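All remarks here apply to the structure that follows.
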Amino acid sequence: MVMKQCTLYRGPLLATVALFCCLLFFSCKNYLDVPPQGLVTEEAIADDPQAAINLVNGAYNALWLGDAFGPADVHSLNFVILTEVASDNADKGSSPPDYEPAAEIDNFTLTPGNSIVNNIWRGYYRAIARVNQAIDRIPLSPLDETRKNQLMAEVLFLRGYFYFNLVRFFGGVPLITRVPAPSEANNPEFQTRASRDSVYDFIISDLQFAVEHLPNKGETAVGRATRGAAASLLAKVHMYLGNWQQVYDLTNMVINGETGTYDLHPNYFELWRESGENNIESIFEVQTGENNQCNNAIQLYVVSQGPRAGGAFGWQDLGFGFNSPSEDLVNAYEPNDPRREATIIFIDQDGTVLWDGFRIPSKDSVENFRYNYKAYHSRTQESNCGNTDFLPKNLRLMRFAEVLLMHAEAANELGFPSEALTSLNRVRARARGNNENVLPDITTTDPVQLREAIWHERRVELAMEHDRFFDIVRQGRAAELLQAQGKNFVAGKNEVFPIPAEQIQLSGGLLTQNPNY
């Protein structure tokens, strides 16, 4: 068995798990209720410099918090379904009757009672609770002010990321900006939705602090937030708001090396393998697999998307078969684009052999004919703890290629087509490698045509990386594209998901529903 190198933001946490945050009021199913994991007293923080660091480590671990089928989820199967299955990139997959809530999202027949949206809501608010506990206690630490500011910047980066996903999933949401006291169980502050604009303002404030106080790449441990990660995420936030000058300036910071050294990794295929973790292209990844221990991974992320035989064809399942790449995605690639084969596992009549030598016998031996290659983790050539529910695959949340494509889009919108083409074609050049006969440079300077070319490149470069649904919503194309796939997408409704009915009930009606649900 291959032993994975220890990731660097967790070690002390395993011995001090009792330092996680606790908010213990409301029903056990309410999003403000966090399972009891111990409290960090003011005295403990003041006396032990390590205590604040451990709280920050607990906030990082929230990136793989939860169970795909349990009470909360941040990046597991429910996240996959809301980001890719909801889009034109993927179909639900698996067997037709398996996991009806996913089919409801795939077809846009979901209601506020859908369990997936409830699991995501609870997961993200539990993650935010961990962050807020750290924010509350860091100022009490005996660490010097520079170190405390860095720790604060790390958790504000995480909180900005969590709220960015929440606002993209649901629109305006409650802004929980501090640790509530038990006596505040009925405080409307924590049960009332802020406006979408207010949530975005809050995210920008958190990320701006992170940009100003985080170290550059190479100046901190691998896996921790950096100035480059904060600038990239802040650029992405501004992209969703159409603030193109800010997108342009922030991406230039990263491209020009002001936040550390980034570049495109030469081998697109290797990006998704263990050997490609935390390479020069990596902006921010969810770190997994410390000391090859179970549970230090996103539960079911890999296995939920693996090739599925359904137990009936005489070979060992590699997974549940969810998130099957769509025919529309297959057709989106230009002829002989190598990224197509790096992104999609194709099963033809004679089967296929995966990169690690595992052979899937034939098309008749699987329930679906296409699977997500980027989510594949080898049982034989990459590390694991023997529990396939916890295969330790790092989740790539941001890459330098996306920074280049954001820069290209901003440059085009601002009237700098030559700069847009430089960044766009840099991504295409890496993809084609040494084959000059594929993926020719884009040359158009017409802003509409160039915008469409950039949007196309985002799709094929970032396919199955959990941004497609959000992308087509921000581009104003979701209804057109999803209705063309036969989905029941309703404009003015399905751009966001419903506020979970259970949470509205537990709030006493203070939480309001999104339009038309």
Normalised Cα Rg of segment 46-179, dividing by 2.2 N^0.38 Å with N its residue count, works out at 1.24
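Skip the ligands, DNA and RNA, and give the accessible area per residue of segment 420-470 with a 1.4 Å probe, whole Å².
Per residue, segment 420-470 has 40 Å² of solvent-accessible surface.
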If every Lys and Arg gets +1 and every Asp and Glu gets -1 at its Cβ, then about the Cα centre segment 47-157 yields a dipole, in debye to the nearest 20, of 360 debye
Residues whose built amide H sits under 5 Å from the amide H of F284, excluding neighbours closer than 5 in sequence, are L397, M398
So T111 and R474, fully extended at 0.36 nm per residue minus their Cα-Cα distance, gain in nm 128.4 nm
Among W455, A59, L510, the residue whose Cα sits farthest towards the positive end of the charge dipole of the chain (+1 at Cβ of Lys and Arg, -1 at Cβ of Asp and Glu, taken about the Cα centre) is L510
Net charge (Lys, Arg +1; Asp, Glu -1) of residues whose beta-carbon lies under 14 Å from that of G486, G486 excluded, is -4
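Sort M406, M152 from largest to smallest accessible area, using a 1.4 Å probe on the heavy atoms of the protein chains.
So the residues, ranked largest to smallest area, are M152, M406.
Quick check: residue separation of C294 and D197 times 0.36 nm, minus the Cα distance between them. What number comes out in nm?
That pair, C294 and D197, stretches by 30.9 nm at full extension.
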Of the residues P417, Q245, I203, the Cα lying farthest along the dipole of the chain towards its positive end, which is defined by charges on the beta carbon of Lys, Arg, Asp and Glu, belongs to I203
Computed over segment 295-417, protein heavy atoms only, probe 1.4 angstrom, the accessible area per residue in square angstrom equals 34 Å²
Computed about the Cα centre, the charge dipole of the chain from +1 Lys/Arg and -1 Asp/Glu charges at the Cβ has a magnitude in debye, to the nearest 20, of 320 debye
To the nearest 20 debye, segment 217-294 has a Cα-centred charge dipole, built from +1 on Lys and Arg Cβ and -1 on Asp and Glu Cβ, of 220 debye
Here the gain from full extension of D98 to Q483, 0.36 nm per residue of separation minus their alpha-carbon distance, amounts to 136.3 nm
As a Kirkwood estimate from alpha-carbon pairs, segment 178-287 has a hydrodynamic radius in angstrom of 16.1 Å
One quarter of the C-alpha convex hull surface, i.e. the mean projected area of segment 355-433 in nm², amounts to 8.2 nm²
Label model pair V353, Q381: point-to-point distance (7 angstrom along the Cα→beta-carbon line) in nm is 1.1 nm
The summed charge of the F369 Cβ neighbourhood (under 15 Å; Lys/Arg +1, Asp/Glu -1) stands at -3
Count of lysine pairs, the chain, Cα-Cα under 18 Å, sep. 8 or more residues or interchain, comes to 4
Computed from the beta carbon distance with a Förster radius of 30 Å, FRET efficiency for N437 and L241 to the nearest 0.05 stands at 0.15
One can check that the equivalent ellipsoid of segment 163-233, built from the alpha-carbon gyration tensor with semi-axes equal to the square roots of five times its eigenvalues, has lengths in Å, largest first, of 29, 15, 10
Expressed in µm² per second, the diffusion coefficient of segment 239-352 from the Stokes-Einstein equation, with Rh the Kirkwood radius over alpha carbon pairs, at 37 °C and 0.692 mPa s, is 183 µm²/s
Expected sort for 356-363, 210-217, 491-498 on mean C-beta neighbours within 10 Å, highest first, is 210-217, 491-498, 356-363
The percentage of Cα-Cα pairs in the chain separated by more than 39 Å is 21 percent
At R0 = 45 Å the Cβ-Cβ FRET efficiency linking S418 and F346, nearest 0.05, sits at 0.75
Over its alpha-carbon atoms, segment 104-261 yields an Rg and a Dmax in Å of 17.1, 53
Cα extents of segment 423-517 along the principal axes, largest first, in whole Å, come to 61, 24, 23
Given backbone amide H placed at 1.01 Å from N, residues whose amide H is under 5 Å from that of G93, ignoring those fewer than 5 places away on the same chain, are N323, S324
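Given the Cα atoms of segment 321-452, and with Rh set as the inverse mean 1/r over their pairs in the Kirkwood sense, what is Rg to Rh to two decimals?
That ratio is 1.05, to two decimals.
The values are calculated or read from the model by the stated rules, or taken from the named source; none is laboratory data. These numbers were taken from a predicted model, which means no experiment stands behind them. So basically every Cβ, Gly included, is an ideal-geometry build from the backbone, and we count neighbours across all protein chains shown. Heads up: the accessible areas ignore ligands, DNA and RNA and are worked out on the full protein's heavy atoms, side chains in. Shrake-Rupley method; radii C 1.70, N 1.55, O 1.52, S 1.80 Å.
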